[in-house]
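Note sheet for the following structure.
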Amino acid sequence: MAGHIPEEKVDEIRKSTDIVEVIGDYVDLKKQGRNHFGLCPFHGENTPSFSVSQDKQIFHCFGCGKGGNVYTFLMEMEGYSFVQALRQLSERTDVEIPDHFAEENNTGADNQESQAMLEAHQWLTKLYHHLLKNSKDGRKAYEYLLERGFTEETIQKYQLGYSPDDKDFVVTFLEKKGFHPQAMVKAGLLSVNDQGNYADRFRGRVMFPLRNHLGKTVAFAGRSLGDQEPKYLNSPETDLFHKGRLLYNFDLARSSIRKEKTVVLFEGFGDVISAAQSGIPYAVGTMGTSLSSTQANLLKKYADQIIVCYDGDRAGIEAAVKAAKLTKSIGCQTFVARVPDGLDPDDFIRRHGGGRFKKEVLDTSDTYISFMMSYLRRDYNLQVEGDRIAYIEKVLQEIATLDRAVEREHYLNELSSEFQLSLETLKEEISQIRSRQGVKDNEPRNRYTNPKRETSVQNKLLPAFHNAERKLIAYMLKDPYIADKVQEEIGGAFNIEDHQVIVTHLYAYYEDGNESDISQFVEMIEDMSIKNLVIELAMAPVSEEVSDQEIHDYIERIRLESWDRTDIKSLESELKRAEQQNEPIKAAEIAMEIIKRKKELKA
């Protein structure tokens, strides 16, 4: 799993990390007994079933079944690759990973090219920022940023820069750093004409570095200072930069979003920076495109509440409708802030200040339904009966999507009052719409929970042999001596296939000289369902000390089940022979015995 990174380095970083501290950045954990508990970040719940063991350095949710070590958590939570999770923790623990180690899934050539792109972006971020602050040509760009209200601290924090109005300057700089111009064209940093002449793609612009969620520059946005067109020029999509996956400022805003459980979503980079500078650090922005489902789901992991705050003009309102519909559809509590007088958020903040922006714009945001009612109203003449009915039907479609009955009734009362309609009639309409949507009102939907999610095996009544296997594996995970004894007695002859897989891995793990360490052991297992089962068994409560007799009893129960299953297979063979030899009485007797044995097994 670790690619070319030595296992010793992987183990060193893992052992240097406290899983409770890492997960505590995402989940409010409270200690109960030996473990820490909180609400699962992977599915919605009202009662904490998400457990983190500091001793074992693992986590497990008894609700949805997810579990693993600190690497697994970051990969699940952030969508990181294994190496990305490793690098994130290496920075946290100050355990260094040499830069030449590759991502798992890249070929050597592909990775070298991507690494070169990444390094070139980091060099240009420094160069552009230096030129803004220290060059004569950059002075105009620097004054423009100050005039826009950006402070020196903000310019430094966001590494804003200036690309000189010289087609050769950046080309020469990159060549001296060892980057081939053609590769830099592919990276979106240079352009090339039909004669094969290279030039800086962004020359003569104020530069906004676009960072990925790890804080590395992967693209740029350049704003012209004069009449140069286009006004804004962004990097093209590359292997490093995908507009629909990244959110501007997310790397800096993430901790504030997590703390406040709220995120403000803007369209422009300037809006985000102005908001953050004026005391709203939980601000992010799209990358010049509509909000994607990937971006929306990322925000849902961190925030309970999303406030969409786009420009106040027609285009901004239309974009806000799309974004609000998307965030509402995936279960987010969605609000829409409306900036007055057709201003964009940056203009409002510069004119009136961050305090008024928060108080008059964000704090007075419309709920999703209120916003949609106002938006839909603009398309109808409510003095005309046909338009009035069409409008009401549109609004009812939106109200029907609300999960909480009290919210639905609140808005139905508004409609009833405004249009002199019977509340009962409106409720009946809503009921029919929800019925067509496949929603049963006597089975309220939890906006977080997947109804198809399988119930944890712990919540099911299991046969005695199954429980014996689970208990035995729990002790084997804890004690290599017990694993040796079980291997000697029955080897891999467990009756449950998943258990066979686990003990096979466990025997190999201990034979390699490893000590009992669940967090390390699960790294051997690729199959996520098996990994989750191992974590569940490791988190199951077992006695600090177990007698040899108890272990013996578990082994005997497993053996007995195996023998019973063998007997049934033998009886089934006899039944087949009796049927082939046309011995109906004997076949019936054998069939009855098989049914009896199977009932005993189920019991």
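As an exercise, use a Förster radius of 25 Å and the Cβ-Cβ distance of LYS325 and ARG404 to find the FRET efficiency, rounded to the nearest 0.05. The pair LYS325/ARG404 has a calculated efficiency of 0.85.
Each of GLN182, VAL206, PHE169 was placed along the dipole of segment 154-256 (beta-carbon charges, centred on the mean Cα), and the one lying farthest toward the positive end is VAL206. Its residue count N sets the reference 2.2 N^0.38 Å, and the alpha-carbon radius of gyration of segment 460-568 equals 1.01 times that reference.
Dipole magnitude of the chain about its Cα centre, charges +1 at Lys/Arg Cβ and -1 at Asp/Glu Cβ only, in debye to the nearest 20?
So the dipole magnitude of the chain works out to roughly 1760 debye.
Taking 0.36 nm per residue of separation and subtracting the current Cα-Cα distance, fully stretching the chain between GLU572 and VAL192 would add 129.2 nm. Ordering GLY268, LEU415, ALA303 by Cα displacement along the dipole of the chain toward the positive end leaves LEU415 in first place; charges were set at the Cβ atoms of Lys, Arg (+1) and Asp, Glu (-1). Distant-in-sequence amide contacts of ARG205, defined by a placed amide H-H separation under 5 Å and a gap of 5 or more residues or a different chain, comprise SER163.
Annotation: amide H of ASN234 within the under-5 Å range of GLY222, sequence separation 5 or more or interchain, hydrogens built in the peptide plane. Karplus-based coupling profile of segment 414-426, in residue order and whole Hz: 4, 4, 4, 5, 6, 10, 6, 10, 5, 4, 5, 5, 5, with θ = phi - 60° in 6.51 cos²θ - 1.76 cosθ + 1.60 and x standing for Gly or Pro. Relative to the longest principal axis of the Cα atoms of the chain, the long axis of helix 314-329 makes an angle of roughly 10 degrees. With a simple spin-label model that places each label point 7 Å from the Cα along the Cα-to-Cβ direction, the separation between SER256 and THR238 comes to 2.8 nm. The angle between the Cα long axis of helix 584-602 and the longest principal axis of the Cα atoms of the chain comes to about 50 degrees, rounded to the nearest 10. Label separation (LEU382 vs ASP28): 3.9 nm, computed from points 7 Å beyond Cα along the C-beta direction. For segment 148-294, the square roots of the Cα gyration tensor eigenvalues, ordered a ≥ b ≥ c, give a/c of at least 1.5 with a/b greater than b/c, which places it in the prolate category. Relative to the Cα centre, the charge distribution of segment 242-295, modelled as +1 at Lys and Arg Cβ and -1 at Asp and Glu Cβ, gives a dipole magnitude of about 240 debye.
Over the chain, Cα pairs under 8 Å with separation of 6+ residues give a relative contact order of 10 percent.
Divide, for segment 319-381, the radius of gyration over alpha carbons by 2.2 N^0.38 Å, where N is the residue count.
Ratio of Cα Rg to 2.2 N^0.38 Å: 1.22.
Anisotropy class assigned to the chain is oblate, per the alpha carbon gyration tensor with a/c at or over the 1.5 cut-off and a/b no larger than b/c. Summarising the amide proton neighbourhood of LEU190: residues at separation of 5 or more, or on other chains, whose placed amide H is nearer than 5 Å comprise VAL185, ARG201. With respect to the chain, whose longest principal axis is taken over its alpha-carbon atoms, helix 368-377 is tilted by about 50°. Using θ = phi - 60° in the Karplus curve 6.51 cos²θ - 1.76 cosθ + 1.60, the 3J(HN,Hα) couplings for segment 297-306 round to 5, 4, 5, 4, 5, 10, 10, 7, 10, 10 Hz; x is entered for Gly and Pro. Note that the chain presents 50 Å² accessible area per residue, ligands and nucleic acids not counted, probe 1.4 Å. Expressed as a whole percentage, what fraction of the accessible surface of the chain belongs to carbon and sulfur atoms when a 1.4 Å probe is rolled over the protein heavy atoms? Result for the chain: 46 percent of the exposed heavy-atom area is carbon or sulfur. Under a model in which nothing but the beta-carbon of Lys, Arg (+1) and Asp, Glu (-1) is charged, segment 294-445 shows a dipole of about 520 debye around its Cα centre. Couplings 3J(HN,Hα) of segment 194-204, computed from phi: 5, 8, x, 8, 8, 8, 5, 5, 10, 3, x Hz, in residue order, whole Hz [Karplus 6.51 cos²θ - 1.76 cosθ + 1.60, θ = phi - 60°; x for Gly and Pro]. Placing unit charges on the Cβ atoms of the charged side chains and taking the dipole of the chain about its Cα centre, the candidate lying farthest along the positive direction among GLN487, SER516, LEU39 is LEU39.
The values are calculated or read from the model by the stated rules, or taken from the named source; none is laboratory data. Given the structure is predicted, the values throughout are model-derived calculations rather than measurements. FYI the Cβ positions are ideal-geometry reconstructions off the backbone, even for glycines, and counts take in every protein chain you see. When the accessible area is computed, the model is the full protein with side chains, heavy atoms only, and any ligands, DNA or RNA have been set aside. Shrake-Rupley method; radii C 1.70, N 1.55, O 1.52, S 1.80 Å.
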